[in-house]
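Here is the structure we will look at.
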Amino acid sequence: MSASLALPGNRVALGNALILLLLAATALALLSWNANADWWIATPRAKRWFIAAAALVAYFFFCGWVGQRANRQDAIVSYAETDQSPVLVVYASQTGFAQALAERTADSLRQAGVSVNLCSIDRVDTQTLSSAQRALFIVSTTGEGDPPDHALAFLRNVIGRPASLTSLNYAVLALGDREYNKFCGFGHQLDDWLRQHGAHPLFDMVEVDNADESALRHWQHHLSQLGDTSEFPDWTPPRYEAWTLTERRQLNPGSAGGGAFHLAMRPVDDSALSWRAGDIAEIGPCHAPHTVEHWLQARGLEGEIEVERDGRREPLAELLTRSHLPVAGARTGYDAQAIADNLQPLPHREYSIASLPQDGALHLLVRRQLRPDGSPGLGSGWLCDGAPIGGTIALRIRSNANFHPPEPSRPLILIGNGTGIAGLRAHLKARIVAGAGRNWLLFGERHVDRDFFYGEEIRQWHACGSLTRLDLAFSRDSSERIYVQEKLRQAADELRKWTTDGAAIYVCGGLTGMAPGVDAALREILGDEGVEQLLLEGRYRRDVY
């Protein structure tokens, strides 16, 4: 994995080389001021030339020295000035891989116009964290849960000491090896300390086992949300399989929200019908055929022309459907092969799987997203509008171990809103198959008559006892806006009883609004220590987007 990363160049080494050149030039220039050096200066005019050069070189050396000190490797480096609230990107690296990922993270955010401060963890203190608003930690674990060597000072001087981090929103990318008992041990230790001192997770910790590419793509998926863009190129594109779109229907016609579509897909190879509740479908989106045709016509090109890419030949139009289309102002006049050589693949999209393999198909619930100009988003536009029934979908299933079901004997509380019901539906199906009857669902949307996705199915489960308790919050059906977190507060006594009985809490849905609202309600009801205990025991899990 690490060999495939196109990392930024070593700016520090380049700066040092330039400074050495400037020092040499300065020395030569200063020699011109020494009378003993007149043997190599032929004329007074030459002497005046070298004196001027000395002044210029000294000036540039001073600027370079200041710049190098301000941007040296062990200091905080600012990558962009477009955002008033820089994201602090911190790395703890033993072999250099975590640092490489941190640099790639910072570079991706910078390309999205986000201001970034990048630094090594040994340069971070409590003051740095308490004054930051957003921080991303990319940290590795060595041996049995140990931090990298250069993180020992942070462990001694920061972790374990009191801190007030209530204004900090953070996320952790933890690198490790599952062959060790304390997998991602330092990442967990850091995550626990941050939460216990008031910091708020932007999303749940992402664990990476031996540079697992799918976990890194999941991290990049979250980065795209932080950068408010879906156009980050994949660091390592998924190796998709061919699936067939067999069904598509809108579940909420007339809704005040965007259209939400139920989709069913079957693999070309039935052996691919293998996943668990909580897993994720990575989709390779495509442009609609008319979009590609319009682009080709505007440049006078034929889509049937065969080009070579990655060792195979295919029509240019087919390659364009799954690639970023060069913008209108880009250089034209390239031939078809030159265009193919410069195309960048479209990034993947992630969706919670709403079914089980026993259903015979993979189900998704996708909301059509609209761009500012009103056109559909790339991923949702492809799935909700562009892909033909019977057509091929590029799909890869990603295991999401952090959101896999608890043991059937444990009560389960499922909380979600909107299309987050997709992942919760798969969990309910898995519980019913396993004979686990103590299940509680809290779900919220706008209107019950239009936005209760899979409502008939859910009511049937409730009626037959497979779903023990059902709490619904449809915010637009009354003058008072009621959301799932309010339903949770209303059922505070029942929530305490369920958690005392060992219940796990799984949350799926919106990263903003619902997820922090639910977390705040849980902390009001159970207390911070109670929620932290649930987190430590793995009984509070979230799949939010």
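The values are calculated or read from the model by the stated rules, or taken from the named source; none is laboratory data. Just so it is clear, the model here is predicted, and its values are computed rather than measured. We place every Cβ from the backbone using ideal geometry, glycine too, and count neighbours over all the protein chains shown. When the accessible area is computed, the model is the full protein with side chains, heavy atoms only, and any ligands, DNA or RNA have been set aside. Shrake-Rupley method; radii C 1.70, N 1.55, O 1.52, S 1.80 Å.
A few comments on the model shown:
- Condition check for ARG398 on (1) charged (D, E, K, R); (2) open to solvent by less than 20 Å² (accessible area, probe 1.4 Å); (3) in contact with a Lys or Arg (Cβ under 7 Å, 6 or more places away or on another chain): one failure, at (3).
- Reported count of residues in the stretch 97-107, each being over 15 Å from VAL208 (Cα atoms) and either open to solvent by 10 Å² or more (accessible area, probe 1.4 Å) or assigned to a strand (DSSP E or B) (or both), is 3.
- For GLU207, the criteria (1) buried (at least 18 other Cβ atoms within 10 Å of the Cβ); (2) more than 18 Å from the chain's Cα centre (by Cα); (3) not in a helix (DSSP H, G or I) hold in every case but one, which is (2).
- Condition check for HIS200: within 23 Å of the chain's Cα centre (by Cα), open to solvent by 10 Å² or more (accessible area, probe 1.4 Å) and touching a residue at least 40 places away in the same chain (Cβ under 8 Å): yes
- Lone qualifier among LEU488, LEU511, LEU467 - being outside any loop (DSSP other than H, G, I, E, B), in contact with a strand residue (DSSP E or B) (Cβ under 7 Å, 6 or more places away or on another chain) and open to solvent by less than 60 Å² (accessible area, probe 1.4 Å): LEU488
- When GLU480 is tested against the conditions (1) in a loop (DSSP other than H, G, I, E, B); (2) within 32 Å of the chain's Cα centre (by Cα); (3) surrounded by fewer than 18 Cβ atoms within 10 Å (Cβ to Cβ), the lone failure is (2).
- Scanning the stretch 514-531 for residues that are open to solvent by less than 20 Å² (accessible area, probe 1.4 Å), farther than 22 Å from ARG349 by Cβ and out of contact with any Leu (no Cβ under 6 Å at 6 or more places or on another chain) yields GLY517, VAL518, LEU522.
- Total residues in the stretch 258-298, condition exposed (fewer than 13 other Cβ atoms within 10 Å of the Cβ) and part of a loop (DSSP other than H, G, I, E, B): 3
- The residue pairs whose first member lies in the stretch 343-355 and is in contact (Cβ under 8 Å) with a residue 60 or more places away in the chain, whose second member is aromatic (Phe, Trp, Tyr), and whose beta carbons are closer than 7 Å, counting only pairs six or more residues apart or on different chains, are PRO347/PHE232; ILE353/TRP275.
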